[in-house]
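Right, one structure below, let's go through it.
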Amino acid sequence: MTMQRKMLGQLGEAVATKYLEKDGYQIIERNYRCRLGEIDIIAQDRDDFLVFVEVKSRSGDKYGLAQESVNGQKQFKLRQLAWNYLKKSGKTGCKCRFDVIAILFDSNNTVKRLEHIENAF
């Protein structure tokens, strides 16, 4: 991953975190890592759902919409990561869902479009 892509990803995660907080979510953890990979954001919504959020950032739509990159393989991996988190945190009985936040930035790294897809898969 190039430094520019990594920085864009970090910027997207920061923007998504602020967006969720303004919308009443409580951020529980960012960048949860285990041997399987990483979950960008884990939050709790106003209805007490534990929400696993995948953030996808793009600097253009030349390669398709950001949310289109959360394919079946990525969804499977995120489910495994979430189960790992739930077991380690003792929350296997809680209500949870998977959201995607897709962010399109312009050439000045200003948010051009942010789409929050709740219960994306």
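The numbers here are math on the coordinates, done by the rules we state, and not lab data. Here the structure is a predicted model, which is why all the values come from computation and not from measurement. Neighbour counts run over all protein chains shown; Cβ positions are idealised from the backbone, glycine included.
Points to keep in mind about this one:
- Segment 28-45: number of residues that are farther than 21 Å from Ile103 by Cβ and among the charged types (D, E, K, R): 2
- Residues of segment 27-50 that turn out to be surrounded by 13 or more Cβ atoms within 10 Å (Cβ to Cβ), closer than 23 Å to Arg113 by Cα and not aliphatic (A, V, I, L, M), as a count: 3
- The single condition among (1) surrounded by 12 or more Cβ atoms within 10 Å (Cβ to Cβ); (2) within 25 Å of Thr2 (Cβ to Cβ) that Tyr85 does not meet is (2).
- Total residues in segment 59-81, condition in a helix (DSSP H, G or I) and loosely packed, with under 10 Cβ neighbours inside 10 Å: 2
- Answer from Leu86, Leu36, Leu50, Leu104 - the residue that is within 20 Å of Gly12 (Cβ to Cβ) and not β-branched (Val, Ile, Thr): Leu104
- Verdict on Leu104 being touching a residue at least 12 places away in the same chain (Cβ under 8 Å) and closer than 17 Å to Ser57 by Cα: yes
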